[in-house]
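Beneath this line is the structure, given in structure tokens, with notes to follow.
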Amino acid sequence: MSSIIDSSSIYPGTLLTAGQVAQVGDVLIVAAGSNTLNHATCTVTGATVIMLEQKNQQGTGSLQNSATILTGLVTASGTPAYTLSGDSDMGFRQWIVRGLSSASAHASGGNFGIGNPLTGTGNTTVPCSLFLIYLNESANNFTSWNGSISADAADPTHADAYGIQLDMDAGNYTPGFNCTSEQNNTLAFIFLPISGVVGVAPPNMPPPSRRMISWTRA
């Protein structure tokens, strides 16, 4: 099972320090929105981790924008401080997540343009947790995440929003958001595999040596 240890966001800015210590085996996730088509990059100090891009979705409407999601596996504990490359008009959110089995996306997706809801498609074959970013550098058309996605943060000044859905069974999903249809709406998301089992486990059975055995004498 996965859990959020820490989350915070900044706009505008390219430097943010987490509020909690990341332990070895935790996964750091950064979702960044930029007012250009540049892919964001991220370096971390305070903890040992290499951040790699998992998904980039470009919005190529009348006012271009780019949503990037990066992740990394913590190999030495500490309080992460994130430095992002990018533009002066950039916002991002960071999560420290515990209980994920990998920092590499099991599935990812995105979409941009008109549509309400605007969704993407993600197909998973193992239990996963979902992380999303919405961005629109033209106007704030976001109203809510659809389905069972929880809003984690939103900044109407930057017209961005972030969402999560933890511990989802394997399956086919169409995550997205409800909005005012507008050509610059942009969505990016990733599914990260979790440790453990989702759903209700069967009751524990005693070992064979302790089970009750009934028999009838001939």
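Structural remarks
- Apportionment of accessible area to carbon and sulfur, the chain, percent (1.4 Å): 52 percent
- Cα gyration tensor shape of the range 76-128, rounded if a/c is under 1.5, else prolate or oblate by comparing a/b with b/c: oblate
- HN-Hα J in Hz across the range 19-25 - Karplus 6.51, -1.76, 1.60, θ = phi - 60°, x for Gly and Pro: x, 9, 7, 8, 8, 4, x
- Virtual spin-label span in nm between residue 8 and residue 123, 7 Å along Cα→Cβ: 4.1 nm
- Computed 3J(HN,Hα) for the range 154-161, one whole-Hz value per residue from the Karplus formula 6.51 cos²θ - 1.76 cosθ + 1.60 where θ = phi - 60°, is 7, 9, x, 5, 9, 6, 10, 8, glycine and proline marked x.
- In this simple spin-label approximation, residue 88 and residue 150 carry label points 7 Å from Cα along the Cα→Cβ vector, and these lie 3.8 nm apart.
- For the chain, the per residue solvent-accessible surface stands at 46 Å², with DNA, RNA and ligands left out and a 1.4 Å probe.
- Close amide H pairs (under 5 Å, H built 1.01 Å from N) link residue 59 with 65, 66, 67, residues at least 5 positions away or on another chain.
- Across the range 119-133, coupling constants 3J(HN,Hα) worked out from phi with the 6.51/-1.76/1.60 Karplus curve, θ = phi - 60°, read 10, x, 10, x, 10, 10, 10, 9, x, 9, 10, 10, 10, 9, 9 Hz, and Gly and Pro carry x.
- Which labelled figure in [x] 26; [y] 41; [z] 30 is percent of Cα pairs over 30 Å apart, once derived from the coordinates: [x]
- Net length available on complete extension from residue 169 to residue 75 is 31.1 nm, with 0.36 nm assigned per residue and the Cα-Cα distance removed.
- For residue 100, residues with placed amide H under 5 Å, excluding near neighbours: 27, 195
- Among 32, 151, 188, residue whose mean-square fluctuation peaks in a GNM of the chain (springs only between Cα atoms under 10 Å): 151
The values are calculated or read from the model by the stated rules, or taken from the named source; none is laboratory data. A quick note: this is a predicted structure, and the numbers were derived from the prediction, not measured. Quick reminder, even Gly has a Cβ in these numbers, built from the backbone with ideal geometry, and neighbours come from all protein chains shown. For the accessible areas, the whole protein counts, side chains as well, though only heavy atoms, and no ligand, DNA or RNA atoms are used. Shrake-Rupley method; radii C 1.70, N 1.55, O 1.52, S 1.80 Å.
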